[in-house]
Amino acid sequence: MDMQKIIERVQKMLALGRDKGATEGERDNAMRMVHAYLAKFNLDMETVEGTMSSKDRKKQSDEGGPRTHHTHSFFGRPWACNAAAAVGDLCFCGYLYRSARMSKDCQHYFVGRQANAVTAAYLAEYVVRSIYSEGKKRQRAESKDNPWFLAFAWGAALKVRSRVEELKKRKDVNSSTGKELVLADYYDQERRANAEYTQVALRPRVMKGRGKGIRDAEGFARGQAFGETISLNRQVN
């Protein structure tokens, strides 16, 4: 299939996903299709939206669609929430979570423009699953204990956070899927708007962390090394 036709199809679905006149179900399905195409054809939002004229971009949305929050359930230990928050920050989103009795049922809230919030949710789940599965695989293969796994997970999560901060400092970021422009003033603008939305729509409570700390330096170092390899540009269906 011609790549230009693929991009045009994604743009049409993106327009529906941002259409205030469409039903919530139609918008949700359209955004799922957008991210399925991004994953299948190795595209990113910068490539798709970069081919639009300024007139079409303005017509389709208010700078990325209405501000909202996207809720997604996946593993939610403190290290995982830390990694999810970093991904949300990278995608211009605020982040909160609601713990559950079972860690796999933790609810993660990504606040921002609709397209950004959905992207952040699925990318965060991919990052957390990658850390968890790799850590458990190494723990079993090397007969390590749970403190080793916890140190590995924190090492990887904190490395993801440091990589996000580094990406935000640079104006031009070359990724495996294309080019993206990271602007400090736009991050600040979105952060303020997301915070205002969060206070009104979600009314968060401040929660104190109860982590037991990192007790295995070798596991932490191994986790940091793995965190360096996780893709932060991959679009996840």
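If I go through the range 120-133 residue by residue, how many of them are of a type in the set (D, E, K, R) and modelled with pLDDT of 95 or more? First the steps, then the outcome.
Restricting attention to the range 120-133, the residues satisfying the condition of being of a type in the set (D, E, K, R) are 125, 129.
From what is left, the residues that are modelled with pLDDT of 95 or more are none.
Residues that pass the stated criteria total 0.
Among the residues of the range 113-129, count how many are among the charged types (D, E, K, R) and either over 22 Å from Lys159 (Cα atoms) or under 8 Å from the mean Cα position of the chain (by Cα) (or both).
Let us first name the residues in the range 113-129 that are among the charged types (D, E, K, R), namely 113, 125, 129.
Pick out the ones that are also either over 22 Å from Lys159 (Cα atoms) or under 8 Å from the mean Cα position of the chain (by Cα) (or both) and you get 113, 125.
Counting residues in the range 113-129 that are among the charged types (D, E, K, R) and either over 22 Å from Lys159 (Cα atoms) or under 8 Å from the mean Cα position of the chain (by Cα) (or both) gives 2.
If you scan the range 10-31, which residues turn out to be closer than 17 Å to His69 by Cβ and within 21 Å of the chain's Cα centre (by Cα)?
If the condition is that a residue be closer than 17 Å to His69 by Cβ and within 21 Å of the chain's Cα centre (by Cα), then Gly17, Arg18, Arg27, Asp28, Met31 are the ones that fit.
On the basis of being at pLDDT 95 or above and farther than 24 Å from Thr71 by Cα, does Lys169 make the cut? Before you say what the answer is, go through the steps one by one.
Numbers: at pLDDT 95 or above: no; farther than 24 Å from Thr71 by Cα: yes.
Spelling it out, it is not the case that Lys169 is at pLDDT 95 or above and farther than 24 Å from Thr71 by Cα.
Of all residues in the range 181-203 being modelled with pLDDT under 75 and surrounded by 14 or more Cβ atoms within 10 Å (Cβ to Cβ), which is farthest from Thr68 (Cα to Cα)?
Taking the candidates together, the pick is Val182.
Starting from the range 139-158, keep only residues that are within 17 Å of Cys81 (Cβ to Cβ), then list their pairs with residues that are in a helix (DSSP H, G or I) and among the charged types (D, E, K, R) whose Cβ atoms are within a distance under 6 Å, requiring at least 6 positions of separation or different chains.
Phe152/Arg222
Among the helices (runs of 4 or more DSSP H) lying completely within the range 9-109, list those that include at least 1 residues that are at pLDDT below 80 and out of contact with any strand residue (DSSP E or B) (no Cβ under 9 Å at 6 or more places or on another chain).
The helices (runs of 4 or more DSSP H) meeting that bar are 24-40, 45-50, 54-60.
The values are calculated or read from the model by the stated rules, or taken from the named source; none is laboratory data. Bear in mind the structure is a predicted one, so any value in this text is a computation, not a measurement. Ideal geometry is used to build each Cβ from the backbone, glycine not excepted, and the neighbour counts take in all protein chains shown.
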